[in-house]
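Okay, structure first, notes after.
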Amino acid sequence: MGVADAAVRAVGVWKRYGGGQTQVNALADVSADFGKGRFTAIMGPSGSGKSTLLHCLAGLDKPSDGSVFLGDVDLTKVPEKQLTHLRRDRIGFVFQAFNLVPTLTALENITLPLDLAGRKPDQDWLTTVIDTIGLTDRLSHKPSELSGGQQQRVACARALVSRPDVVFADEPTGNLDSRSSADVLDFLHRSVRDFGQTVVMVTHDPSAASYSDRVLFLADGTLQSELIDPTAESVLDTMKKLDSAPAEQH
Amino acid sequence: MFKLGLRSVLAHRLRFVLCTVAVTLGVAFAGGAMVFTDTLSHALKKNYAVSTADITVTPSSPIETGTDRPPTFQAGLADRIAAIPGVASAASQLLVSDVEILTPDGKPLENYGLTSFGASWPRDARVAPFKLVDGTPPSGRNELALDDSTASRAGYAIGDQVRIVTPTQAVTATLTATTTPVAAGAAAGAPLVSFDGATAQYLLLGQAGWTSVSVAVQPGSDADAVSKAIATTIGDSVKVRTAQQVTADGEHSLDSTFGGFSTVLVVFACLALFVGTFLIVNTFAMVVAQRSRELAMLRAIGASRGQVTGTVVAESVVIGILGSTLGLLIGIGVAVGIRFTYQLLDLRIPTASLQVSPATIIVCYVIGIGVTVAAAAPAARRAGKLPPIAAMRDDVTVPERSLLARISIGGFVLLMAVLLYAVGLNAGGTPGVVLITLGAGTGVIAIVMLSPLLSRYVVRALMYPFGRKAPVTLGRRNAERNPRRTSATASALMISVSLICGLMVIAASAKASINQSIADALGTSSILITSGGTPTFSTQIGDRTAQVPGVQSVHRVRQESGQVGKVSVRVSGVSDGTLDGPVTTTFDAGSAAVLGSGQAVLPRNLATTLGLTVGKTFDLATTTGKHRLTVGGILAPNRQLNAVLLSLPAYQKIGGPVTDNLLYVEVAQGNQVAEVRTGILDQLKKDYPSIEVRDQQAYAATAREPVNGVLAALGFLLALAILIALLGIVNTLALGVVERTREIGLLRAIGMDRPQLNRMLRVESIAITLLGALLGVVIGVVFAASVQSSMVDDGLAVRDIPVLQLVIAVAAAALFAVLAAVWPSRRAARLDVLRAIASE
């Protein structure tokens, strides 16, 4: 996979907290490409730096060192205001919880990034996305009237509606039961397969990772290994191997 | 629990900042008012409420209140008193107010609200209220003395020609002496002009007479016994008081003067605190909501309901103590500032040590802590009701009581308000005003209770013109999402705005009514002469006006207070033809001709109050005693003259003073009114600079001046209440930002930029502010209009709603709303997006 095919690239990314004796490296020299139209999962134990990496890739956090490219834009060099507009126009988000604005209806939440940009939604695409999440009859409901799974599906629709270059999902199924998880993951998977969407997802759930095309394993802030076309079993195996090989050896 | 409360306040200090400011402002107001009045009244008592005479004899007044001039008696009295055993000396004195001192360049001297007095030179140094500082005592009509403070303030030195205007004439005399108060009398410290006795009577009263006799008792005699002997000998036509009684009376009158002043200020302080209450209620409600998990955790680890409630109450006590202490300190500072300003004005207001009485401190703490705790009580109770299990749940909410109870009670209260109002509107007059005020007060409470219901619809309607862009929609929905909070915040503003608007409408109506009556007068006569300084003026003004070329006739109107039975009335003497010419009158019974035979004419409203009809007699009490009069005619109610009307000779016979209050001037045919007016001004302005001569044009100019005076002072006080209400909006927005940290983080993450974030908060701020301001304007205008309609016959004949000013007020409110959103917006923009969206 060449550089031109990457939607997002991390180049030598460091993230340090504190200084001197108490300095902690949340990310240590992480480089990775995330291909266009691919579904990539980032896995790792708690504190491995996987969420930090996602935040850096999404322009929510600034790396201490290194660069992050969205297409050919270096996110580490873009001023705050432009970064906000990049997030609005070219990036989609699905968080673990609290994804929706409680005062807006489901439909208003879905179109919020477009409304903020002052753009009119492409009606065909909007209909397609809404059909795919299967919540046509609940669009006028407020988030408090939707179940957790329904809320996450609305969040996914919102992430897709502006046809972003990449969708970042941070533990999108972390708060859901297995059935709702399957719905959400299925939706992300189909958005990649049917619409050519690029998705980067952080998860600690091997079965969630199995929906992806490729899994990156992170521990102690460094990339450990990767799996192509993973299954839940192969992911579990890799994680076991990582657990038995203590991080101190690296 | 107190310790926990203290810790919590410290940990969340930012959230409590505005809460504390609200308490501080209210307490500062109350504290400052109390300290200042205590200090001033203490100083005045120390210096003024002291008598140099052992015994003071004054004529007893047949009417109870509101005399325009002091009653007098004749010279023989002092001799009769001097003959009484035990009396060493008895000296007649004359002291009258309404003297105008002019500066060397002919302008009236600014006295900052103090009354100027004219007095006779003391006859006996033993009982003199003031004494010589420099020069020689004045003697004859060409000499006068001034108190040294006034002389230096006006820039007069001994030997200078000083110009003054007394109620009887304009005087130019040589300054021969300066004086200083010995220690006594109501006039000490105020500007004082003195003349020798005969001159004082001639210039100040225009007739013989004294206002008091100061008595010194012989050494070894008992003042009380002598005082009794005087009272027995002279009879009840005089009031005899010992120095002690004079002091007590003086202190009493100072107390009631300052009592009234400080009551007004305390009422405003209470208003400020009341408005602040909404802010405190909101703060505690929001803080408890935000900390519900923490509080539930306390319950889970074994704290009782009472203890959890206790922590929140303890927090409010901490805020109360802090706010009260700061408020008290600021209040003392303000009092010091006012005192300093008075000293800068170079008035001889005695300086006394600052009086911070224990009562002030106690009152400040009691109201400060009381208000805070009371306002925090509902939130504290709700906190106690949190179930321990809430600590384990993610989506904890403090249980809120349903609005149903509140709305049904509110509906009932509204019904009561409407009933009171309807009865009040029909009642008219003073009872009507009382009922309408009660109705309006009840109505405000009802609207405060119902406003959570109203807020959603009103906000939606108000914000409609702002469009449907995402930040606008979000801001509007934020204003709608917690109706209680929005309406409490808006209610605070509503109350302040309604008071200000009510005041504006009433003041504008009062002014329009006065202007209307002047306009009426000018409609029938060409020129109107009044005094801008003292209420009455010399008859010479009329005499001199009559000589101005082009003046056909001058009609005089004189007024003073009187009493019929227990009813205070105005008594007016009018020159012949006034009722046929300049004053527009319609007679219900009788005619203007009856005045000539010494009979009285009454307007219908007054006749009805007194139960009088044509032919009946009644006793009118004036400062000179009781006088029997016959009703000769009844007039339709009249804006210009709402008084018992007499001819000038009859007015003089009942003791009416020979000074004018108002002159109607008719211009002879073939003359330009403006030219004649200029002629009159030329004739009068040099000697009487405060005289106002108005024709149609001059009148129109004064009518255009904005409403001011008392209104400005009240407006300033009410502006403080509005300030607190606006702080409430800042508070609600800022706490809302804290509460919606995650939501704002999410919005920022998915691409809301700072301008959009600012706009979102601005819209919320404007929605709350407009809700409060518009409800306030409506309530204020409806209230004032109803008061006006009840007082058509009592001085508020014309209704004037200053639409432009009201619109400006609402626009200003919207502008303040934009400012109110600045600080919360900044905080919101600084929120760390990552922390805001962190999953745990």
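The values are calculated or read from the model by the stated rules, or taken from the named source; none is laboratory data. Please read these numbers as outputs of a predicted model, since none were measured by experiment. FYI the Cβ positions are ideal-geometry reconstructions off the backbone, even for glycines, and counts take in every protein chain you see. Remember, those area values only see protein heavy atoms, side chains included, never the ligands or the DNA or RNA. Shrake-Rupley method; radii C 1.70, N 1.55, O 1.52, S 1.80 Å.
Descriptive notes on the structure:
- Per-selection Kirkwood Rh - the stretch B:527-694 (Cα, Å, 1 d.p.): 16.5
- Volume per residue for chain B equals 201 cubic angstrom (convex hull of Cα atoms).
- Between B:LEU109 and B:ASP543, the simple spin-label model (points 7 angstrom out along Cα→Cβ) gives 2.6 nm.
- Rg/Rh ratio calculated on Cα atoms of the stretch B:61-236 (Kirkwood radius): 0.99
- Once the C-beta distance of B:ALA300 and B:ILE321 is scaled by a Förster radius of 35 Å, the resulting FRET efficiency is 0.70 to the nearest 0.05.
- Cut-off 18 Å, label 7 Å out along Cα→Cβ of A:ASN25, residues of the stretch A:45-66 by amide N: A:45, A:47-54, A:56, A:63-66
- Accessible area (Å², per residue) of the stretch A:106-250, counting only protein heavy atoms and a probe of 1.4 Å: 45
- Shape summary of the stretch A:116-250, radius of gyration then Dmax from alpha carbon positions: 17.1, 55 Å.
- Positive-pole candidate from B:GLN540, B:VAL497, B:GLY209, dipole of chain B, charges at beta carbon: B:VAL497
- Close amide H contacts of B:SER89 (hydrogens built in the peptide plane, cut-off under 5 Å, sequence separation of 5 or more or a different chain): B:ALA216.
- Residue-wise HN-Hα couplings along the stretch B:437-444, as the Karplus relation 6.51 cos²θ - 1.76 cosθ + 1.60 with θ = phi - 60° gives them from phi, are 5, 4, x, 5, x, 4, x, 4 Hz; Gly and Pro carry x.
- Protein heavy-atom accessible surface, 1.4 Å probe, per residue over the stretch B:736-788: 23 Å².
- Take the accessible area of B alone and of A alone, subtract that of the pair with a 1.4 Å probe, and the total buried over both chains is about 2300 Å².
- Size of charge dipole - the protein assembly as shown - debye, nearest 20, with Cβ of Lys, Arg +1 and Asp, Glu -1, no other charges: 1520
- Nearest 10 degrees, 0 to 90: helix B:13-48 Cα axis against chain B principal axis: 20
- Per residue, the average separation of C-alpha pairs within less than 8 Å and at least 6 apart gives chain B a relative contact order of 17 percent.
- Candidate aspartates and glutamates - alpha carbon under 12 Å from B:LYS228, same-chain residues fewer than 8 apart omitted: B:ASP236
- Each listed q (0.05, 0.08 Å⁻¹) maps to a log10 I(q)/I(0) for the protein assembly as shown, found by the Debye formula over equal Cα scatterers with no solvent: -0.52, -0.95.
- Here the sum of -39500 (n - 2.57) over DSSP H runs of 4 or more residues, divided by the residues of chain B, equals -19000 deg cm²/dmol at 222 nm, to the nearest 500.
- Nearest-0.05 FRET efficiency for B:THR586 and B:ASP619, computed from C-beta distance (R0 30 Å): 0.65
- Counting only lysines at least 8 places from B:LYS616 when in the same chain, those with an alpha carbon closer than 17 Å to its own are B:LYS626.
- Approximate spin-label separation B:ILE389-B:ALA225, in nm, with each point projected 7 Å along Cα-to-Cβ: 9.2
- Partner lysines for B:LYS385 [C-alpha distance under 30 Å; skip if fewer than 8 residues away on the same chain]: A:LYS142, B:LYS3
- Peptides B:723-732, A:21-30, A:90-99 ranked from most to least packed, by the mean per-residue count of other Cβ atoms within 10 Å: B:723-732, A:90-99, A:21-30.
- Rounded tilt (10° steps) of B:243-290 against the dominant C-alpha axis of chain B: 20
- Two-site label geometry, B:ASP832 and A:VAL11: point separation in nm, points 7 Å out along Cα→Cβ: 2.9
- Pairs from B:LYS239/B:LYS566; A:LYS36/A:LYS62; A:LYS15/A:LYS62; A:LYS15/A:LYS77 whose Cα-Cα separation, in the structure shown, is over 19 Å: B:LYS239/B:LYS566; A:LYS36/A:LYS62
- 0 to 90° range, to nearest 10: angle between helix B:710-739 axis and chain B longest Cα axis: 10
- Simple rule: put +1 on each Lys or Arg Cβ and -1 on each Asp or Glu Cβ in the stretch B:543-665, find the dipole, and look at B:PHE587, B:VAL567, B:PRO549; the Cα lying farthest toward the positive end is B:VAL567.
- Simple Cβ-charge dipole of the stretch B:527-694, Lys/Arg +1 and Asp/Glu -1, about Cα centre, in debye nearest 20: 480
- Rounded FRET efficiency, nearest 0.05, which uses the C-beta distance separating A:ASP194 from B:ALA719 and R0 of 56 Å: 0.30
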